[in-house]
Amino acid sequence: MIPINCIFNHNMKRLLSYIYPVTKTIASKYSGPLEITWYNGIKHLNSKNANYSYGSLQRILKFGLEKIELSKVNSVLILGMGGGSVIETLRDHFNYTKHIDAVEIDPIIIEIAKNEFEISESETLKIHCTDAFEFVKTNKEKFDLIIVDLFIDLMVPDKFLSAEFWDNVMGSKSSKGVILFNASVVDSKSDAIKTLSDYIKTKIFRVVVHENVNNTNTIIIASGL
Ligand SMILES: C[S@@+](CC[C@H](N)C(=O)[O-])C[C@H]1O[C@@H](n2cnc3c(N)ncnc32)[C@H](O)[C@@H]1O
């Protein structure tokens, strides 16, 4: 049972957050200082310069998921679990009840997901605490939907724009599966992202690029022809 003072604290923080943001900071070796911030009644996970989970990031991935026929999806792989806001969207907004595998390199973030956002392992959620680059290298399973959401602060690390990584991601996709890639928030990567989407197109994928989603991000949706 949840103690009454926890419920009181939770409600107080939510109410106070309409007046001013309430923030707690936790240090992470991968992402630097992480902030758990109540803002306008919603708890967010932020890095120094970026919203990692819940808030704008969640809206951006929801925009992508709306373009995908989720009724045909029987398995999901999330690369970059963060605080798990896309899991909440899949479960609560799209009523997706089937299995999800989530990969997250940062054990501190996995703890935050559990303690702050009630995202933890269950029969239908397997969390892999490992580097997504290594995960797809050795993975043998096929997934109907792969969500690629790998950031360190504002940047997608270069290795996640490489052909090697994308060959492995495409190899992890079922024949009719879909890849949803949250590609960038910074203009300096736009050439690399163009090169990458051209590369994915050569691998018989239908590739649709959505720019300025939420006025910031580029989203790429790639599906089998
Ligand atoms: C924008 S957040 C993900 C948000 C999440 N998809 C959600 O729905 O809330 C980006 C995440 O990528 C993770 N990440 C960065 N590099 C990684 C790597 N090499 N392997 C796995 N996860 C990584 C970060 O630790 C961070 O949690």
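The values are calculated or read from the model by the stated rules, or taken from the named source; none is laboratory data. In this text the structure is predicted, and so the values were computed from the model without any measurement. Neighbour counts are summed over all protein chains in view; Cβ atoms, including those assigned to glycine, are modelled from backbone coordinates with ideal geometry.
Within the set of pairs 6 or more residues apart or between chains, which connect a residue that is without any contact (Cβ under 8 Å) to a residue 12 or more places away in the chain inside region 90-108 to a residue that is more than 9 Å from the ligand (Cβ to nearest atom) with Cβ atoms less than 8 Å apart? Close Cβ pairs (under 8 Å, with a partner that is more than 9 Å from the ligand (Cβ to nearest atom)) amount to R91/T97.
Considering S53, S31, the condition of being surrounded by 19 or more Cβ atoms within 10 Å (Cβ to Cβ), under 22 Å from V213 (Cα atoms) and within 13 Å of the ligand (Cβ to nearest atom) is satisfied by S53 alone.
Report whether or not D92 is surrounded by 15 or more Cβ atoms within 10 Å (Cβ to Cβ), more than 9 Å from the ligand (Cβ to nearest atom) and either at pLDDT 95 or above or over 17 Å from I220 (Cβ atoms) (or both). No; evaluated as a whole, the condition is false for this residue. Here S71 does not qualify as within 13 Å of the ligand (Cβ to nearest atom) and either surrounded by fewer than 20 Cβ atoms within 10 Å (Cβ to Cβ) or at pLDDT 95 or above (or both).
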